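See below for the structure under consideration.
The values are calculated or read from the model by the stated rules, or taken from the named source; none is laboratory data. All values derive from a computational prediction rather than experimental measurement. Glycine also receives a Cβ, built like all others from the backbone with ideal geometry; neighbour counts cover every protein chain displayed. We work out accessible area using only protein heavy atoms, side chains counted, and drop any ligands, DNA or RNA first. Shrake-Rupley method; radii C 1.70, N 1.55, O 1.52, S 1.80 Å.
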Amino acid sequence: MKVLRSPDELMAYRAGLSGAVGFVPTMGALHKGHLALVKHAKRNQGKVIASIFVNPTQFNDPLDLQSYPRCESADRELLEAAEVDALFMPTAAQMYADGSRYQVAETSQSVDLCGADRPGHFTGVLTVVLKLLNLVRPTHLYLGEKDYQQYQLIKGLVNAFFLNIEVIAVPTVREQDGLAMSSRNRRLSAIDRKTAPKFFQILSSNLSDEVVIKQLIQQGFTVDYVKTIDGRRFGAVQLGTSGRGVRLIDNVRIEP
Ligand code: PAF
């Protein structure tokens with residue numbers, strides 16, 4: 001696996017490729033959910049490029065950015081074993097050489113759900129994703145369904161800016177008890193880890209959103225939102241019996 005540490009190195013590598021190029025953007029702290037994205041990308045027969053970049057502009061809370069898990073050498077080993085062809089690991093100074101003067105904002109869907117709780121979050125996501133897509137120039141982009149709102153917004157970005165990229169949503173990978181895999185899970189205390197699967201269990205029940213909220217609160221979650229839109233129920237909660245709360249998000253299709 002080639003490790004590319006600057007936009008120049010990545011562009012030189014990309015210039016030598018032809019045919020299908022699958023791209024898996026990540027912020028590291030990799031788990032089976034990320035590896036499922038790589039597995040889907042590998043099916044395309046072409047090259048697979050992954051990125052690890054903890055994007056500062058999508059964190060509206062500096063403490064959240066600071067405590068975001070980072071484990072570069074374990075991540076590199078996992079990607080190497082998954083036969084990723086190249087890993088792009090830029091610095092913030094390289095990605096934001098413009099001092100963040102240029103940004104990509106979506107003005108409708110991005111202010112609901114996670115965007116309502118985390119102002120500016122999706123502007124940070126869309127801005128960095130457009131930069132990454134312009135550098136990697138993938139033919140296929142792989143995103144996890146766990147972050148469904150992010151998937152919808154990135155798909156919208158690709159359409160709005162006429163990028164010739166197929167965006168593929170890969171189903172959420174869950175622990176045996178139903179908890180959606182997430183880099184943030186490793187920050188859960190032992191007690192909170194036991195409570196956490198109830199989030200998915202209650203979210204996927206056929207109760208109304210209002211009753212789901214009540215039940216989550218009863219189980220000790222702080223509820224940021226639970227909302228059903230077009231047959232999909234989205235939720236975000238926090239669990240925090242030890243120190244700072246850990247934010248969990250998930251979404252499920254709800255049968256009518
Ligand atoms: O889902 C993520 O890990 C990030 O939001 C992404 C898409 C890599 C952009 O920083």
field: In sequence order, calculated HN-Hα J values of the stretch 173-180 (Karplus, 6.51, -1.76, 1.60; Hz; x Gly/Pro)
entry: 9, 10, 5, 4, 8, x, 4, 5
task: Enumerate the lysines that LYS146 could reach by cross-link, defined here as Cα to Cα under 21 Å, with residues fewer than 8 away along the same chain left out.
output: LYS32, LYS39, LYS42, LYS155, LYS194, LYS198, LYS227
- prompt: Taking amide H positions as placed 1.01 Å from N in the peptide plane, with prolines and chain starts having none, which residues 5 or more places from ASP224, or on another chain, fall under 5 Å of its amide H?
  reply: ALA236, VAL237, GLN238
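Stretched out fully, how many nm does the piece from THR228 to SER189 gain, at 0.36 nm a residue minus the Cα gap? Show your work: numbers first, answer last.
Numbers: separation 39, 0.36 × 39 = 14.04 nm, distance 2.91 nm.
Value of the extension gain: 11.1 nm.
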message: Per residue, how much accessible surface does the stretch 127-256 expose to a 1.4 Å probe? Answer in Å², no decimals.
response: 49
message: From the phi angles alone, apply the Karplus equation (6.51, -1.76, 1.60; θ = phi - 60°) to the stretch 224-231 and give each ³J(HN,Hα) in whole Hz, x where the residue is Gly or Pro.
response: 7, 6, 9, 8, 9, 10, 6, x
query: Please identify the chymotrypsin sites (Phe, Trp or Tyr not before Pro) of the stretch 67-120 that satisfy two criteria: DSSP loop assignment and at most 14 other Cβ atoms within 10 Å. Which are they?
result: TYR102
- request: Might you report the magnitude of the Cβ-based charge dipole of the stretch 88-188 about its Cα centre, with Lys and Arg at +1 and Asp and Glu at -1, to the nearest 20 debye?
  value: 280
- request: Mind pulling the angle between the C-alpha long axis of helix 209-218 and the longest principal axis of the chain? Nearest 10 degrees, somewhere in 0 to 90.
  value: 80
- prompt: So if we plug the beta-carbon distance of LYS2 and SER100 into 1/(1 + (r/R0)^6) with R0 = 22 Å, what FRET efficiency do we get, rounded to 0.05?
  reply: 0.20
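Give me the percent of DSSP beta bridges within the chain that run antiparallel, rounded to the nearest 5. Write out the running numbers ahead of the final one.
Values: 16 of 35 bridges.
Looking only at bridges with both residues in the chain, the antiparallel portion is about 45 percent.
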With Cα atoms, 0 to 90° folded angle of helix 32-42 axis to the chain main axis: 40
Per-residue ³J(HN,Hα) for the stretch 102-113, Karplus 6.51 cos²θ - 1.76 cosθ + 1.60, θ = phi - 60°, Hz, x for Gly and Pro: 9, 9, 10, 10, 9, 10, 10, 5, 6, 9, 9, 6
- prompt: Magnitude of the Cβ-charge dipole of the stretch 1-136, K/R +1 and D/E -1, about the Cα centre, nearest 20 debye?
  reply: 400
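When the helices in the chain are scored as -39500 (n - 2.57) per DSSP H run of 4 or longer and the sum is shared across all residues, what 222 nm value do you end up with, to the nearest 500 deg cm²/dmol? Walk me through the numbers on the way to the answer.
Details: 11 runs with 96 residues, N = 256.
Computed ellipticity for the chain at 222 nm equals -10500 deg cm²/dmol.
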The chain: angle of helix 72-81 to the longest principal axis, Cα-based, in degrees nearest 10: 70
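Once fully extended, how much extra length lies between ASP209 and ASN134, figured as 0.36 nm per residue of separation less the alpha-carbon to alpha-carbon distance?
Details: separation 75, 0.36 × 75 = 27.00 nm, distance 3.93 nm.
Full-extension gain reported as 23.1 nm.
In the chain, once you exclude exposed trypsin sites (Lys or Arg not before Pro) (DSSP loop, at most 13 other Cβ within 10 angstrom), what's the longest stretch remaining?
Working: sites that count: ARG5, ARG43, ARG70, ARG101, ARG244.
My reading of the result: 102-243 is the longest stretch.
Run the numbers for LYS32 and GLU80: contour at 0.36 nm per residue of separation, minus the present Cα-Cα distance, in nm. Present the calculation step by step, with values, prior to reporting the outcome.
Details: separation 48, 0.36 × 48 = 17.28 nm, distance 1.41 nm.
Contour length minus Cα-Cα distance gives 15.9 nm.
Computing the accessible area with a 1.4 Å probe over protein heavy atoms, can you report the carbon and sulfur percentage for the chain?
Values: 6360 of 12450 Å².
About 51 percent, which is the carbon plus sulfur part of the accessible surface.
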field: Dipole of the chain [Lys/Arg +1, Asp/Glu -1 at C-beta], most positive-end residue of ALA160, VAL173, ILE254
entry: VAL173
message: Under 5 Å between amide hydrogens, which residues at least 5 positions from ARG70 or on another chain qualify, with H placed 1.01 Å from N in the peptide plane?
response: none
query: Nearest 20 debye, what's the magnitude of the dipole of the chain about its Cα centre given +1 on Lys and Arg Cβ and -1 on Asp and Glu Cβ?
result: 320
